[in-house]
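Read-outs: derived from the displayed coordinates by stated rules, not from any lab. Being a predicted model, the structure only gives us computed values, none of them experimental. When we count neighbours, we look across all protein chains shown, and the Cβ atoms used for this are built from the backbone with ideal geometry, even at glycine.
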Protein chains: 2
Amino acid sequence: MTKTATKPVPRKPDYEKALRKAGIRITRPRKIILNILGETEDHPDALEIFRRAEQIDKSISLSTVYRTMKLLEEMGAIHRHAFEGGPSRFEQAGGDHHDHLIDMDTGDVIEFRSDRIEQLQQEIARQLGYDIVHHRLELYGRRRKD
Amino acid sequence: MTKTATKPVPRKPDYEKALRKAGIRITRPRKIILNILGETEDHPDALEIFRRAEQIDKSISLSTVYRTMKLLEEMGAIHRHAFEGGPSRFEQAGGDHHDHLIDMDTGDVIEFRSDRIEQLQQEIARQLGYDIVHHRLELYGRRRKD
DNA sequence: TAATCTTTTGCAACTGAGTGTCATCTGGCA
DNA sequence: TGCCAGATGACACTCAGTTGCAAAAGATTA
Ligand SMILES: [Zn+2]
Ligand SMILES: [Zn+2]
Ligand SMILES: [Zn+2]
Ligand SMILES: [Zn+2]
């Protein structure tokens, strides 16, 4: 069997110093949110992050979660995924690039990476006269029952 | 030079009889919207379809456009594309499957098709134990200036 | 053709995700 | 500890899309 796709390895970079270096204050809500994102293995949405943050600090507000996600996205510290039929979901950046397969029954997100597909995308864009800035590849499927 | 991607050919099926067969009434707004979708070569959003429809019948409402897009989507007569940072955009179904490259400067949508990528997606899903129901591949780029 | 019976429409009120405003609060620094 | 620009919580607002409802209009039959 040929190995078409590899499972990307997890990562856990420290963004606090990056924020500090960019002149951005390390506040209590931001610390909490960064910790949540650093710990999790899944792709939570803003509301889910808010709920997890509430457990730690009851006074945190949903607006702050939204604002922080936006800030972190602009800094390149996280990636935003707008999977279909739902709110944006987030994950820490800093790991290897990967794409996603979404389990339509459970909502689970499975990560994969295909160098061959990445390469083909480049070729296609070049032939069309374009440079790719970024891309989105999402497979929506159901567990094969055999 | 190897041909990595081909440009899909356009098509113009007649959905009125399909609607009728499904027991769905062919109303004036639906006729107009179907004609607009049948004529256009681009990927308009609901508001744009509404504006084009208004030219033909001043009394049409935006809700009806939204409702009709939903209906046609459920029937499989059109495809909805939620490109990033904007409202859903639509196109008639019935042609060959293709994916999209979005020009980030102009918003233009360029269609392409890569059998190799389609095939790799299948292999990846199979290896992960899934059947693909559908997928989304969007390249976001800028015209190469050389 | 008109009567009838649904389905569909236009309108307006509503929803959900996210953004903007602003008075108050606080992290970083002296 | 005091200062103050930047950050926060609360809440009003936007935007895309949905929903409820009375009136209108397809399809079907007489
Ligand atoms: Zn990729
Ligand atoms: Zn991921
Ligand atoms: Zn495809
Ligand atoms: Zn298309």
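Net charge near B:Asp146, counting Lys/Arg +1 and Asp/Glu -1 over other residues with Cβ under 14 Å of its Cβ?
That sum, taken over residues with Cβ under 14 Å, equals +4.
Just need the relative contact order of region A:96-146 here, percent rounded to a whole number, with Cα pairs under 8 Å and 6+ apart.
Result for region A:96-146 is 46 percent.
Can you tell which of A:Gln55, A:Gln127, A:Gln92 shows the greatest fluctuation in a Gaussian network model of chain A with Cα springs below 10 Å?
Residue with maximal mean-square fluctuation among A:Gln55, A:Gln127, A:Gln92: A:Gln127.
Counting other beta carbons within 10 Å of each Cβ, put B:Val133, B:Val109 in order, fewest first.
The fewest-first ordering by Cβ neighbours comes to B:Val133, B:Val109.
Taking springs between alpha-carbon atoms closer than 10 angstrom, which of B:His43, B:His135, B:His79 fluctuates most in the Gaussian network model of chain B?
Highest fluctuation of the listed residues: B:His135.
Give me B:Thr106, A:Thr68, B:Thr40, A:Thr27 ranked fewest to most by other Cβ atoms within 10 Å of their Cβ, as a rough exposure proxy.
So the ranking, lowest neighbour count to highest, is B:Thr106, A:Thr27, B:Thr40, A:Thr68.
By counting other Cβ atoms within 10 Å of each Cβ, how are A:Ile49, B:Ile24, B:Ile33 ranked from fewest to most?
B:Ile24, A:Ile49, B:Ile33
Which of the aspartates and glutamates could a cross-linker bridge to B:Lys58, judged by Cα under 18 Å and excluding same-chain residues fewer than eight apart?
Reachable aspartates and glutamates: B:Glu48.
So for the pair A:Arg20, B:Arg51, with labels modelled 7 Å out along Cα→Cβ, what separation do we get in nm?
Once both label points are built, they end up 5.0 nm from each other.
How much mean residue ellipticity at 222 nm does chain A get from its helices, if each DSSP H run of length 4 or more adds -39500 (n - 2.57) and you divide by all residues, to the nearest 500 deg cm²/dmol?
Estimated from H runs of four or more residues: -12000 deg cm²/dmol.
Of all DSSP beta bridges located in region B:12-146, what percent are antiparallel, nearest 5?
70
Expressed in nm to one decimal, what extension gain is obtained for the pair B:Asn35 and B:Asp103 from 0.36 nm per residue of sequence separation less their Cα-Cα distance?
Gain on stretching B:Asn35 to B:Asp103: 21.8 nm.
Given points 7 Å out from each Cα along the Cα-Cβ axis, report the A:Glu84 to A:Asp131 separation in nanometres with one decimal.
3.2
Which whole number gives the average, over all residues in B:114-124, of C-beta atoms from other chains lying within 10 Å of the residue C-beta?
Other-chain Cβ atoms within 10 Å of each residue's Cβ, averaged: 5.
Need one number: nm distance between label points at B:Thr27 and A:Gln119, each 7 Å from Cα along Cα→Cβ, rounded to one decimal.
With each label point 7 Å from Cα toward Cβ, the separation is 5.4 nm.
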